[in-house]
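Heads up: the structure comes next, in structure tokens.
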Amino acid sequence: MTETLTRDSPVRILNGVGTARAARLAKLEVETVEDLLYLFPRRYEDRGNPTRLTALEPGSFSSSIATVVSIERRPTRRRNLSIVTALLSDGAGMAQGIWFNRRGLERVLPPGTKASFYGKIENKGGVIQLTNPEFEIIDDEDDAVTGNPGRIYPIYPGTEGLFQKWLRTLIKGALAVFSAELEDPLPEGLRQKLGLVPLQEALGVMHFPVDRDGWARARKRLAFDEFFLLQTALALRKRTYAAEKGGSPLAWDGPLLGRFKKEIIPFELTGSQQRVLGEITSGSKQEVPMNRLLQGDVGSGKTVVALMFLLAAVDSGFQGAIMAPTEVLAKQHFQRISEWLSGLGVPVHLLSGSLSNSQRVDVLEGISSGEPCIVVGTHALIQKTVRFANLAAVVIDEQHRFGVLQRGTLTEKGNHPHVLVMTATPIPRTLTLSVYGDLAFSTIDELPPGRVPPVTRKIPGADDSRLLSFIGEEIDGGRKTYWVCPVIEESDTLPLMPVVRRHELLSKRFGAERVGILHGQVSADERDRTMDRFSNGEISILVATTVIEVGLDVPGASVMVVEDAHRFGLSQLHQLRGRVGRGSARGYCFLIGKPGTPEGKARIEAMCSTADGFKIAETDLALRGPGELCGIRQHGVTDFRVANLAKDRSLLETARREAFALVNEDPALVRFPELRREVFRKLGLKLKLVETA
Ligand code: ADP
Ligand code: MG
């Protein structure tokens, strides 16, 4: 064997890792030795101090060490169901372990076997029971090899039984050989200043902690690394933007914008809108391209601000584009903008997937001719065939629906365009920093005057006569109702109300001519017709899936009913609720369903207790984690292995401050080659920009 061993070596190179086990490791995303060192325990068991069986608390998850007293397989009447029951004892107390469909378990755990058992504790008629507990046989000789002085055992994800023990030995060995070889990317001075433990120590302790404090220090160090590397990347990227020249300064005193403000806009801008407009103005008057995130709760009036930005581009002789995440929303923007601008003679084009070929060709020609215009579109905007000749202003609406990378793609279509990224899902500050930390921020934190938050109620079932008669009154009064269901059609596996069925039921009750239906399988033409009929009041009730979730603006809509509401995420519910109460009519939101999980319940409760999008977002982050929240899951951006955005806020702030200070002092990281290497290696793709800097 002359191969040199490095952290990048495949795990196969380690003793005892054959094809089968390498495949099993690959499922855990472990390909290299380094991956292995960063495969952290999902939990720990304190085997020196196990929970006594007499102290197990029903409802909790606990691990205990016990000996199998007896074990038997019970036949059941159902052919494909078998149950294994074991009586467990730890000398002081007894408990029952019960497993379903575990073939051969009685041979694995014969009477007399000592093992650690982990699972949910239940009290079944006075008997303490663990249902389908994980277990690991304790073999004192093995312990001598892999154990550690604190007797705290790491339990790794997605593994059980023998594999745990084997993995533990493997990692122990790999740590001994390789952890010293890992370069510490953190500048030594910074590490000392912040009192963080060295990387090598942190890795070792994370796997084999001796006590809680040591573990907390190790965890902190590793969490800091995750934040710090990302923040360094963002700092570098922000600098790269700032160093770029060749953007097109926009004139904000042109005739179109002037006339728009004087003759067209039907309301006064709120103070917040004006302030944000000021920020966008000064940002886009520069040659340095603007990269700005505009946040504002649903209904806060982002569209009009975005439109003025696009108009400033046209006034200056350039093109502007706005990208929306759905066809329905793109269509709505197109209609609204065309209507508003009809008197100004500004060409407005719609580019979406549902254009005919000849329409498409016309639009594409207009765009590539370089005529000053506004283009509204969906993802269709970022296809290769779309060539802007003169793009200077880009708006990305509902950014959380797009990936971070797509944001880049539209930007590349112009000659360093100014970019305004908008999101209506208010993002907690921690997340803003980690996902959008390279952007400047603007926030509209005020709703147009006269808005009252919708009344929100939970209702157990849809056949509530008061609900239906309330809807009847609302639509008789000329207002409109959205009714959202989680699925399109009946399914065998989930007992959920399908849109199609609810549409039938409501048609029966209110008359088919007053009820429309909208979902992903309705053709684009039909969808447009239905939306139009709903907007202009020909139909009063729209039964839909979440295709209507974001951005829709039908001012006369007053009622939002969400059926099986516990099936939806919190931000999603907030978005849905944001569709009503946008005009002068009071909004009502009814959440139907019986949440089966504590989390489902917490979501409904959060909705009923606040209409503040930022509070909702914080709760959502705590409940679900960041990946779902911004609609993207990316390693290093929202998916941290150790760090937790909801809990490690101050650590993130520190990492951000230090990273930006460092990059400010040493923009090319000349003095910190290890850090530079790590940032590029771990966050590769997203740093293309920096490499060219
Ligand atoms: P969002 O921020 O959710 O995208 P929109 O831009 O769709 O919100 O605006 C919501 C509604 O409020 C629209 O009907 C819009 O015309 C209206 N609106 C926007 N700004 C104001 C304002 N300053 N005063 C009154 N109505 C406004
Ligand atoms: Mg919007």
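The values are calculated or read from the model by the stated rules, or taken from the named source; none is laboratory data. None of the values given here were measured: they were computed from a predicted structure. Glycine also receives a Cβ, built like all others from the backbone with ideal geometry; neighbour counts cover every protein chain displayed. The accessibility values were calculated without ligands, DNA or RNA, using every heavy atom of the protein model including side chains. Shrake-Rupley method; radii C 1.70, N 1.55, O 1.52, S 1.80 Å.
For GLN274 and ALA242 in one chain, what is 0.36 nm times their gap in residues minus the Cα-Cα distance, to one decimal in nm? Don't skip to the end; give the middle numbers.
Values: separation 32, 0.36 × 32 = 11.52 nm, distance 2.47 nm.
Length gained, GLN274 through ALA242: 9.1 nm.
If R0 is 30 Å, what FRET efficiency do you get for ALA176 and LYS114 from their C-beta distance, rounded to 0.05?
Working: r = 28 Å, r/R0 = 0.93.
For R0 = 30 Å, the calculated efficiency reads 0.60.
Once the Cα atoms of helix 212-243 and of the chain are each reduced to a long axis, what angle between those two axes, in degrees from 0 to 90 to the nearest 10, is obtained?
Approximately 30 degrees, to the nearest ten.
Going by the alpha-carbon gyration tensor, a ≥ b ≥ c the square roots of its eigenvalues, is the range 167-245 rounded (a/c under 1.5) or, if a/c is not under 1.5, prolate (a/b greater than b/c) versus oblate? The partial results should precede the final answer.
Details: a/c = 2.81, a/b = 2.08, b/c = 1.35.
Prolate.
If every alpha-carbon in the range 255-444 counts as one equal scatterer, what log10 I(q)/I(0) does Debye give at q = 0.18 1/Å?
Listed by q, the Debye log ratios stand at -1.27.
Give me the number: length gained by fully extending GLN286 to PHE470, i.e. 0.36 nm times residue separation minus the C-alpha to C-alpha distance, one decimal in nm. Mind dumping the intermediate values first?
Working: separation 184, 0.36 × 184 = 66.24 nm, distance 5.37 nm.
Using 0.36 nm per residue and subtracting the Cα-Cα distance, I get 60.9 nm.
Which chymotrypsin sites (Phe, Trp or Tyr not before Pro) from the range 239-317 combine a DSSP loop assignment with at most 10 other Cβ atoms within 10 Å?
On the way: sites: TYR241, TRP252, PHE260, PHE267, PHE309; in loops: TRP252, PHE267.
Answer in residue order: PHE267.
Once both labels are modelled 7 Å past Cα along the beta-carbon direction, what's the GLU605-ARG529 spacing in nm?
The modelled label-to-label distance comes out at 4.7 nm.
Using a simple spin-label model with points 7 Å from Cα along the Cα→Cβ vector, what separation in nm is obtained for ILE265 and ARG681?
Taking the two extended label points, one gets 5.2 nm.
What accessible area per residue, rounded to a whole number of Å², is obtained for the chain using a probe radius of 1.4 Å? Could the numbers behind the result be given before it?
Details: 30590 Å² over 693 residues.
The answer is 44 Å² per residue.
Taking the Cα atoms only, what angle lies between the long axis of helix 673-683 and the longest principal axis of the chain, rounded to 10 degrees?
Its long axis makes an angle of about 70 degrees.
I'd like the distance between the alpha-carbon centres of the range 504-542 and the range 252-331, rounded to an integer number of Å.
32 Å
In whole angstrom, note down how far apart the Cα centers of the range 1-80 and the range 90-108 are.
18 Å
Looking at the chain, send over the antiparallel percent of its DSSP beta bridges, to the nearest 5. Each step should come with its number before you reach the end.
Details: 36 of 90 bridges.
Percentage antiparallel, nearest 5: 40.
Using a Förster distance of 35 Å, how high is the FRET efficiency between LEU194 and ALA622, based on the Cβ-Cβ distance and rounded to 0.05?
Working: r = 26 Å, r/R0 = 0.74.
Step by step, r from the Cβ atoms, then E = 0.85.
What does the C-alpha gyration tensor say about the overall shape of the range 473-608? Classify as rounded when a/c is under 1.5, otherwise prolate if a/b is larger than b/c, or oblate. Don't skip to the end; give the middle numbers.
Details: a/c = 1.71, a/b = 1.25, b/c = 1.37.
Taking the square roots of the gyration eigenvalues as a ≥ b ≥ c, the range 473-608 is oblate.
By DSSP, what percent of the beta bridges with both residues in the range 255-444 are antiparallel, rounded to the nearest 5?
Details: 0 of 27 bridges.
The antiparallel proportion sits near 0 percent.
Can you spot the lysines whose alpha carbon is less than 21 Å from LYS302's alpha carbon? Ignore those fewer than 8 places along the same chain.
LYS261, LYS262, LYS285, LYS331, LYS615
Helix-only estimate, please: 222 nm mean residue ellipticity of the chain, summing -39500 (n - 2.57) across DSSP H runs of length 4 or more and dividing by its residues, to the nearest 500. Could the numbers behind the result be given before it?
Working: 25 runs with 271 residues, N = 693.
For the chain, the value works out to -12000 deg cm²/dmol.
Which peptide among 227-240, 585-598, 77-90 comes first, and what is the full order, when sorted by highest mean count of other Cβ atoms within 10 Å?
Working: 227-240: 23.9, 585-598: 18.7, 77-90: 14.4.
Final packing ranking: 227-240, 585-598, 77-90.
Provide the descending list of Cα extents for the range 222-304 along its principal axes, expressed in whole angstroms.
In descending order, the Cα extents are 56, 33, 15 Å.
Using only the alpha-carbon atoms, how far is helix 613-624 inclined from the longest principal axis of the chain? Give it as 0 to 90 degrees, nearest 10.
Orientation of helix 613-624: about 30 degrees from the principal axis.
If I compute solvent accessible area with a 1.4 Å probe over the protein chains, what percent of it on the chain is carbon and sulfur?
Working: 15420 of 30590 Å².
C and S atoms contribute 50 percent here.
Which of the lysines could be linked to LYS508 by a straight reach, that is with a Cα gap under 18 Å, when you skip same-chain ones fewer than 8 residues away?
LYS480
Go through 193-199, 501-507 and give me the packing order, highest mean Cβ count within 10 Å leading. Mind dumping the intermediate values first?
On the way: 193-199: 15.4, 501-507: 18.6.
Sorting 193-199, 501-507 by mean packing, highest first, produces 501-507, 193-199.
With a point put 7 Å past each Cα toward its Cβ, work out how far ASP139 is from LYS594 in nm, to one decimal.
4.9 nm
Given q = 0.10, 0.16, 0.17, 0.21 Å⁻¹, what are the Debye log10 I(q)/I(0) values for the range 48-137, with equal point scatterers placed on the Cα positions and solvent ignored?
With no solvent term, the Cα-only Debye profile gives -0.23, -0.58, -0.65, -0.98.
Rg over Rh of the chain, using C-alpha atoms and the Kirkwood radius, what does it come to?
Numbers: Rg = 29.6 Å, Rh = 28.9 Å.
So for the chain, dividing Rg by the Kirkwood Rh gives 1.02.
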